[in-house]
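K.L.:
Structure below; questions to follow.
Each reported figure results from applying straightforward, stated rules to the coordinates on display, with no laboratory input. Model, not experiment: these values are computed from the prediction. Please note: Cβ atoms are built from the backbone with ideal geometry, for glycine as well, and neighbour counts cover all protein chains shown.
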Amino acid sequence: METGSFREALGQELLLMAREYESLVVVTPDLAKSVRIGRFKEMYPNRFISVGVSEADCIGVAAGLATTGLIPVVAAFAMFAVEKPFEQIRNAVAYPCLNVKIFATHAGICVGRDGATHQAIEDIAIMRALPNMTVLAAADATETRTAVRAALRHVGPVYLRLGRDHAETVYDREQEFILGRADILRSGSDVTVIACGLMVAEALKAAVLLDQQGIDATIVNMHSIKPIDEEAIIEAASATGAIVTAEDHTRIGGLGGAVAEVIARACPVPLEQVAIDDRFGESGSQAELYEKYGLTAESIVKAAKRAIARRDCSRRH
Amino acid sequence: MPFDQETVAELQNRSRQIRRDILEMVHAIQSGHPGGSLSIVEILLVLYRKKMRIDPQDPHSQDRDRFVLSKGHCAPALYAVLADMGYFPKEALKESFRRINGMLQGHPDMNKTPGIDMTTGSLGIGLSVGCGMAFGARILGKDFRVYVLTGDGELNEGQVWEAAKTAAHHRLDNLTVIVDANGYQNDGPTRVEMNMEPLAEKWRAFGWDVQEVDGHSIEQLSSAFDQVPAPSGRPTAIICRTVKCKGVSFMEEDKVKYHGTPPDGEQLSQALSELGC
């Protein structure tokens, strides 16, 4: 499969958007090089602010910029963009509903060799718990671009969760990114896999494996985690009666939690999660980590079969 | 320009009225922080009445000067001054402060109260926000100024110093921090709880122009604000030596208690008679 890089795509798209949005300002806590916005810094020095290694300050500065009508983009690693300065985001961005965009690369254990301290695996849970906050996740490099544009079109705080490099191609061409609307990549009648980020590519691979075994899967890219597409979830849950969620995130409070909240209320069906168990990551390559922590197409296949078995068992009773 | 006698007397009169409003407000709801509100009255009056470029009829003007009450728990003082300026009716002070569905929240809320430029309450964040506003002026080519008021207890927060280095490094000369150095924090005297002295040397070391004034002297405050922006191109820190609970004798005698305790009815009467209003 072809691959792209989340951070290269982010850097390139911000350059394009700088032309479209005169009010776009990038703020970073000494991570311009690492999130590939060096070119932006060179081309738009007056709209680029480095605050040094100070993440709390970074969020406060972004909030202040937003009060003047500018559109600040905080670009950093997920750990340092949202987990370290969470309280500043809560009180100075989300609560006053300021138009701050937080575009974070390096979300999940896909970070790899830097290890657990740099792997944000709780970010979806904490960010979607914030009122006023929109939470997005891009599946590949192409979707990184459309997600950036959707985030900038929206007025209000947005958290965009991105991986690092090695993004398998899900979209060979751009497709409109609509907040609150899921993207149904494949329609099947036996089971629904709802994935986000890098796990979308794994879900598509799982669909092929499942198909070989005579199981027809619906694959949903839930790129808008908040607001979440309730209608799509309920429809898929009613149609297939078995749901699997897949994410590079702890199984507590992430995409799985968000989907579970919807189906528990509106359409209770068996739900299986492919996610990181309640533990921290470690150093290793992305592929090794995904294998060890169960974030693979094979895990999705197994989870799909469990969900189908539970559904069939309850139908028999 | 130095104030004439008349201006000083007018602001002094107003300061008595503002103190009365603060006490009545926290008394009415039996909740809020009188001590640190009473120590910033003159600072707010000099800024809002005489120094800031603002228009209460147009609270969202792009060109207005900005004020961030980083020590947001002292909202009663800010609300009283905003009402006095005409941002909203004075009746709101007693009818709304800290009450359900009220426009005057326990801590300042930019989306609920006209005249509030930034939502605050969690200590340490305001100076970073002020930096962002000051950057905003620079990027937008505007000449507005930004004032951030912090407490001296608040200076314990690491983020204040993160912001201090950002403002100095980027030479945000349109930014002024005002430190309400009333010498007390929640648990007790700052020298006992967490000593941050020498304050002036700290700000200077971070690359700021520093002035130290009597924070209850209208003349000294006025002349300090007149020296902004500093010719050096540095941001300005004005360290205001103040008295927590200023103006009410029994409160000044028990500053730790009156950090967050409102007066009862009898105490309110005594306080108002002391203030002579």
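K.L.:
Trypsin sites (Lys or Arg not before Pro) within the range A:266-308: which are DSSP loop residues with at most 13 other Cβ atoms inside 10 Å?
P.N.:
Passing both the DSSP loop test and the Cβ count: A:R279.
K.L.:
Follow-up question, since we're still on this one. Which loop GluC sites (Glu not before Pro) in the range B:172-255, with loop taken from DSSP, have no more than 13 other Cβ atoms within 10 angstrom of their Cβ?
P.N.:
Passing sites in the range B:172-255 are B:E253.
K.L.:
Within chain A, which is the longest segment containing none of the GluC sites (Glu not before Pro) that sit in a DSSP loop and have at most 13 other Cβ atoms within 10 Å?
P.N.:
Between exposed loop sites, the widest span is A:23-173.
K.L.:
Inverting the mean 1/r over all pairs of different Cα atoms, compute the Kirkwood radius of the protein assembly as shown and quote it in Å.
P.N.:
25.8 Å
K.L.:
Something else now. Go through the range B:148-156 residue by residue and turn each phi into a ³J(HN,Hα) via Karplus (6.51, -1.76, 1.60, θ = phi - 60°); whole Hz please, and just put x for glycine and proline.
P.N.:
Going residue by residue, I get 10, 9, 10, x, 7, x, 4, 5, 5 Hz, with x marking Gly and Pro.
K.L.:
If you fit an axis through the alpha-carbon atoms of helix B:126-140 and take the longest principal axis of the Cα set of chain B, what angle between them do you get, 0 to 90°, nearest 10?
P.N.:
Taking the Cα atoms of chain B, the angle to B:126-140 is about 50 degrees.
K.L.:
Work out the FRET efficiency for A:A266 and A:L209 from their Cβ-Cβ distance, taking R0 = 35 Å, and round it to the nearest 0.05.
P.N.:
It comes to 0.75.
K.L.:
Return the FRET efficiency for the residue pair A:E42, A:E20: r is the Cβ-Cβ distance, R0 is 22 Å, and the value is rounded to the nearest 0.05.
P.N.:
According to the calculation, E is roughly 0.75.
K.L.:
Stretch A:E231-A:T3 to full length: gain in nm at 0.36 nm per residue minus the Cα-Cα span? Let's see the in-between values first.
P.N.:
On the way: separation 228, 0.36 × 228 = 82.08 nm, distance 3.13 nm.
Stretched out fully, the A:E231 to A:T3 stretch lengthens by 79.0 nm.
K.L.:
Roughly how many nanometres apart are two label points built 7 Å out from the Cα toward the Cβ at A:S314 and B:H169?
P.N.:
Result: 5.4 nm between the two label points.
K.L.:
Which of the three applies to the range B:1-122, rounded, prolate or oblate, going by the alpha-carbon gyration tensor with a ≥ b ≥ c and a/c under 1.5 meaning rounded?
P.N.:
Oblate, since a/c reaches 1.5 and b/c is not below a/b.
K.L.:
A further question follows. With point charges of +1 on the Cβ of Lys and Arg and -1 on the Cβ of Asp and Glu, referenced to the Cα centre of the protein assembly as shown, which listed residue (A:L70, B:W203, A:V220) lies farthest in the positive direction of the dipole?
P.N.:
Of A:L70, B:W203, A:V220, it is A:V220.
K.L.:
Taking every residue in B:107-120, how many Cβ atoms of other protein chains lie within 10 Å of its Cβ, on average? Write out the running numbers ahead of the final one.
P.N.:
Values: counts 1, 1, 2, 5, 4, 1, 0, 0, 0, 1, 3, 7, 9, 3.
That works out to 3 on average.
K.L.:
Past the 32 Å Cα-Cα mark, which pairs from A:K101/B:K246; A:K41/B:K50; A:K101/B:K112; B:K202/B:K246; B:K51/B:K94? Don't skip to the end; give the middle numbers.
P.N.:
Working: A:K101/B:K246 42 Å; A:K41/B:K50 40 Å; A:K101/B:K112 23 Å; B:K202/B:K246 26 Å; B:K51/B:K94 27 Å.
Table pairs above 32 Å Cα-Cα are A:K101/B:K246; A:K41/B:K50.
K.L.:
Could you give log10 I(q)/I(0) at q = 0.10, 0.16 Å⁻¹ for chain A, computed by the Debye formula over C-alpha point scatterers of equal weight, without solvent?
P.N.:
Debye output, listed in q order: -0.52, -1.26.
K.L.:
Any idea how far the Cα center of the range B:216-276 sits from the one of the range A:244-309, in Å?
P.N.:
That distance is 56 Å.
K.L.:
Assign one of three labels to the range A:162-317, namely rounded, prolate or oblate, based on the Cα gyration tensor with a ≥ b ≥ c the square roots of its eigenvalues; rounded applies when a/c is under 1.5, prolate when it is not and a/b is larger than b/c, and oblate otherwise.
P.N.:
It is rounded, given that a/c, with a ≥ b ≥ c, falls under 1.5.
K.L.:
In degrees from 0 to 90, rounded to the nearest 10, what is the angle of the helix A:6-20 Cα long axis to the longest principal axis of chain A?
P.N.:
For A:6-20 against chain A, the angle is about 50 degrees.
K.L.:
Once you keep just the Cα pairs under 8 angstrom separated by 6 or more residues, what percentage relative contact order results for the range B:5-275?
P.N.:
24 percent
K.L.:
So if we plug the beta-carbon distance of A:R173 and A:A116 into 1/(1 + (r/R0)^6) with R0 = 35 Å, what FRET efficiency do we get, rounded to 0.05?
P.N.:
In this case the efficiency is close to 0.45.
K.L.:
Quick one: helix A:297-316 against the long Cα principal axis of chain A, what's the angle to the nearest 10°, folded into 0 to 90?
P.N.:
50 degrees
K.L.:
Could you list the trypsin sites (Lys or Arg not before Pro) in the range A:43-145 that lie in coil according to DSSP, counting only those with at most 13 other Cβ atoms within 10 Å of their Cβ?
P.N.:
Details: sites: A:R47, A:R90, A:K101, A:R113, A:R128, A:R145; in loops: A:R113.
Answer in residue order: A:R113.
K.L.:
Just need the Rg to Rh number for the range A:3-168, please, alpha carbons only, Kirkwood Rh.
P.N.:
Rounded to two decimals, Rg over Rh is 0.92.
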